[in-house]
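**Q** Got a structure for you, written out below as structure tokens; questions coming shortly.
What follows draws every value from the coordinates through simple rules; no lab data is involved. If you're wondering where the values come from, they're calculated on a predicted model, not measured in any experiment. Virtual Cβ from ideal backbone geometry, glycine too; neighbours counted across all protein chains shown.
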């Protein structure tokens, strides 16, 4: 089988370099172009010595037209970039997977309020598919344009989904206390994420409002007829990779008779065929490192009276970003869904 | 003024060595004895080179009787030790501050269930004072025997207190999602807290039940006539010191008219005279390092509809253990409450 | 092609679990048995959740005889274990790769002085091959028994080798200032490697004598006719994986005319065909993370007058232990040398 | 006694905020002004919440003239700032302590080559005193202008000094393999020192030339009549604070008869009266954390044949910068040399 040609826009950030790691050895895809306005001409392996001897490409000028030669292009860029460039690529028959926020929200009013930008291509957006394969696999299979989910929303959706779709909990009182490694803040030079600021310390941030809330709400609302209310509290943790979401939901009166075994069984059944969702034994305490550098997301259930506590861990750069994007690519092109992303977690 | 003589039982753990750091320069107290069964005769500064040239004591045999010469003895020991030894010291007129769990819970049935040990001196326990000076200063002033609060309970109590004593929130639905640095697990050789296990990763633990829950419940119940229900979820974070508690409470219908300014004002008024509680501006995101190596606890309020979110940070070894113990000593002996513990946080 | 059957003795430590990660997806080998006296019957994935769904084995009792069914057995054990068990396995035709120290030193007197143990099988030892494929590939190809090099010695040998075999430097004045991540200390419960002891701090250790010195000396002596003198100073660094060796060697008078380009060329030529040795451009500063979780070792040259400074980085658990062991297995069995160990470094 | 008035220029970096921590509680000095061009008017405690309730100053405009009211002004600024502003302050009778590089090197040609700037006040420079009190106390006592030593040079000088002044080692072959925590790179927004870049990894940097080499050479040359040759290799270590210098020096033939006890005695005698230099027992392995947040520098000797290995640890922000600056101030003003800087190291 001939390999598909892959392009990456914005290969200098963490999701970009993670795409490179995953795609460099993909059995059915080959890296064809990586663009960067500021680094055009620079060998990729010079910026990222971890890729020496494996990735021979240099950064291309995004204006060179090389992306038109690709079968699929990943945007690992800040919001605003993909919506400016995706329509032309789609017109050429290139499929697009945006790891940024431009194609996640169908509600453009919310998008504009959240990102302080008018949406550049509302028409195209209508055909975008929200790329969470576990919940949306058929649509992904047909998609030409994918909005790849945010890292936090991936954990919240997969953690709450079995409870909401089965109408077991009060959807109006969901709490998600989430903790992320620092790589989630990206590879931008900023004082707040310097080693000497962020290590041996932690803090909450964006408690009064984070851009992942509307994205999550839009998706949770598809799971249930109830009104959805979500309190989402993100925290910054001194680790490079890793995300731990601690989710709280109150069982509805009609579901309070369920035993722990019943709840466990509902989760296990929901995800029984999923290659990248692991439901651990009831009462487990998953560590983020049990998913480090892998595409696996792990879930464990606990219960306190009528409150279900769902613990969800993943690697924010893999299942929370680049790995999920490759998973979407695999589904879109009919490849084995695990191709190129079945590496084991790195422990310790 | 002559300095009081201080003894420490169990000076080889983290709370013990932190007591040494704080007491070595205390203006009104002098270290008189540090006991350790296993290290008797070893100079303290040999085990802890940070104390070279400052602490000249060697560890004493606890059986030597030297503790009887002290004005006050701190127990920085696992549960069970203090309740075995405190009664004899109290009989000699020595005051006792236990940093362990033996004198925190008045309900011996709960104690025994929690710690799998019968309480050795229920009579003495009746006279023990729970040593959270901000809530209990007068009793501490009179006390001969102090049960020094646990680290998590300190944050939960000081964070919920203004809401509960003013009857603003539903006491039956409290959630405390708490995060602790690894030093909270003590200086025991264990695989789970090895550097290679605990760094660059995080996890929840004890979700189904932690010994700090009953202690906190017993104290929260004193603040309100409502039934108290608490979900407490501790997490282990890859930092040495530091604790971040994210507290969720729902405003009662009769309190929902309160503005953010009203809530802020209630907290500021409650702690206006407290030297070690800092109420930050509404909407702040305190970092744990803003309290590192200091006795300060900081609080910031947020609100999401009818839910109040209280962020509380402290150094688990200082305000959460040794610093609070010295604060109690200062109150008990009529010293300036900040004596010896007014050092500034270490930043970065 | 039928896969060979692999056994692992001592699968509960870090080199053991790293072997599991590498071998679980090896194209020509399959895990057949993992033994642990203390954990017999326990599913491996229960101890290491990172392996859930991939490694289905349980730990076997080492006395069960199951190791006799293997084509090759790895010992990831403390010294003393392999030399007790290897002879019987070899007699059955099972090949043995010892990741411990039992078969690294041919000089049993030095072994016994160093490890305070008589060598249990000096006869067998004579046929052991020191498994550094870059320097010893032909012997490895023929070997039935491999002593897999120590982590530090791997960096020192590959860093000094081009200088010594070409007789460019004074072999009597070698200095190796080496830095290791904490995983090198193993997965033993010890106070010194607790997170709260080893993080945000560093120290030298074993400056007056480390067991890797005699191993390195024995090998360096094979490279040159000169007398060899080595000062080796190991340091413990707060990172999980990674080793950085800073090597100092003085050019002999007859080599001082060499230009930097000449030196660079000598190194590049030496390692031009090596899949796992990367000679970076002269004057580079390799980061340990550029090898994280991969089998790559990177070298960069600097010069200060007549002193050559060689910087060498690797992942101590991969090229420094488990990866090199699999590399040896590949060579021994005639597989592609990179099979199963060509994964890219994890960055960030 | 009336407190002296202290000004700080550049209070927004790590050495600036560390000066604030040390001076806020100094018994004989009071903070009078902190200037920052970019932050004028902003309360200092808003930028550094660790100072809330203790430091009430706001940043001043450096053009306001407030520094003229001070008895002493500290410059915690990049090179170039102090030499532009110090002369005018000195003319007003204000003493100046520069924590940057402007007044460390007497050789302006070397300065200009190193810092790519002409020296702005060579006349004033002549009267500057190099502020390493252990080696230069009398001159410091008389000084109006201090060039405060760099962090690395402090360790190299205090480590080599007893060997060089007693002419025990070959001064032409000194090697300093040094390791620094990341705070040494300052509080600038840069990709290379982001948490996700610098944690769980390490590297050498500036191997071919670091600005601290000429400063160290100029000082080492004062200690000996021999020609001095120094190889200085700095490394970046994933810890916030802390510096570990591993120094190698070869005993001269006439000194090779010295026993380890002799060497130890020479070091102990040299520093016997020093409050901030601790010579540990021969063969010790000092940890950087044994000096964390304190002004103590610790030294331990090892020996390998004719090579002496000196291990030196300090907190790079305290004895390596702000603490040493306050020590200089204490000496200049005739205060107890330990005033305000005798806090114990923070452990763990």
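**Q** First measure r as the distance between the Cβ atoms of residue B:222 and residue D:141, then evaluate 1/(1 + (r/R0)^6) with R0 = 56 Å and state the FRET efficiency to the nearest 0.05.
**A** Efficiency computed from Cβ-Cβ geometry: 0.40.
**Q** For a Förster distance of 60 Å, can you work out the FRET efficiency between the beta-carbons of residue A:91 and residue B:69, rounded to the nearest 0.05?
**A** Approximately 0.10, to the nearest 0.05.
**Q** While we're looking at this one, here's another question. Classify the stretch A:93-214 as rounded, prolate or oblate, taking a ≥ b ≥ c as the square roots of the eigenvalues of its Cα gyration tensor: rounded when a/c is under 1.5, otherwise prolate if a/b is larger than b/c and oblate if not.
**A** It comes out oblate by the Cα gyration axes.
**Q** Let me ask you something else. Take peptide C:337-347, look around each residue's Cβ out to 10 angstrom, count Cβ atoms belonging to other protein chains, and average those counts.
**A** Average neighbour count from other chains, rounded to a whole number: 5.
**Q** Still on this structure, I have one more. If packing is taken as the average number of other Cβ atoms within 10 Å across a peptide's residues, how do C:110-122, B:13-25, D:40-52 rank, most packed first?
**A** B:13-25, D:40-52, C:110-122
**Q** Something else about it: Can you give me the angle between helix A:323-332 and the longest principal axis of chain A, using Cα atoms only, in degrees from 0 to 90, rounded to the nearest 10?
**A** That works out to roughly 80 degrees.
**Q** Also, quick follow-up: I need two numbers for chain B: Rg to one decimal and Dmax as a whole number, Cα atoms only, in Å.
**A** Final numbers for Rg and Dmax: 19.8, 64 Å.
**Q** Averaged across B:313-321, how many Cβ atoms of other chains sit within 10 Å of each residue's Cβ atom?
**A** 1
**Q** Something else now. Can you sort D:175, B:66, D:266 so the residue with the fewest Cβ neighbours within 10 Å comes first?
**A** Neighbour counts put them in this order, fewest first: B:66, D:266, D:175.
**Q** Additional query: Using the alpha-carbon atoms, what tilt in degrees (0 to 90, nearest 10) does helix D:151-165 show relative to the longest principal axis of chain D?
**A** 40 degrees
**Q** Follow-up. Using 20 Å as the cut-off for backbone N distance, which residues of the stretch C:243-258 belong to the label zone defined by a point 7 Å from the Cα of residue C:166 along Cα→Cβ?
**A** Taking a point 7 Å out along Cα→Cβ of residue C:166, the residues of the stretch C:243-258 whose backbone N falls under 20 Å are C:246-258.
**Q** According to the square roots a ≥ b ≥ c of the eigenvalues of the Cα gyration tensor, what is the shape class of the protein assembly as shown, taking rounded for a/c under 1.5, prolate for a/b larger than b/c otherwise, and oblate for the remainder?
**A** rounded
**Q** Report the label-to-label distance for residue C:208 and residue D:37 in nanometres (one decimal), using points 7 Å from each Cα along the Cα→Cβ vector.
**A** Using points 7 Å along Cα→Cβ, the separation is 5.5 nm.
**Q** Next question. From the Cα gyration tensor of the stretch A:152-316, with a ≥ b ≥ c the square roots of its eigenvalues, which class applies: rounded if a/c is under 1.5, or else prolate if a/b is larger than b/c, or else oblate?
**A** Note, shape of the stretch A:152-316 comes out prolate.
**Q** Over the stretch B:152-316, calculate the relative contact order: mean separation of alpha carbon pairs under 8 Å at least 6 apart, over the residue count, as a percent.
**A** 30 percent
**Q** Could you grab the relative contact order for chain D? Cα pairs under 8 Å, six or more apart, rounded to a whole percent.
**A** Taking the mean separation of contacting Cα pairs over the length of chain D, I get 17 percent.
**Q** Could you list A:123, B:200, A:306, B:278 in order of exposure, starting from the residue whose Cβ has the fewest other Cβ atoms within 10 Å?
**A** Ascending number of Cβ neighbours within 10 Å: A:123, A:306, B:278, B:200.
**Q** What is the distance in Å between the Cα centres of the stretch B:213-265 and the stretch B:136-188?
**A** Each part's Cα centre sits 9 Å from the other's.
**Q** Of all the Cα-Cα pairs you can form in the stretch D:4-127, what percent are over 23 Å apart?
**A** Value for the stretch D:4-127: 31 percent of Cα pairs lie more than 23 Å apart.
**Q** Nearest 10 degrees is fine. How inclined is helix D:212-223 to the longest principal axis of chain D, computing both from alpha carbons?
**A** 60 degrees
**Q** Still on this structure: How many partner chain Cβ atoms sit within 10 Å of a residue's Cβ in peptide B:51-62, on average, as a whole number?
**A** The shielding value for this peptide is 2.
**Q** Quick check: Cα centre of the stretch D:8-33 to Cα centre of the stretch D:82-107, how many Å?
**A** 17 Å
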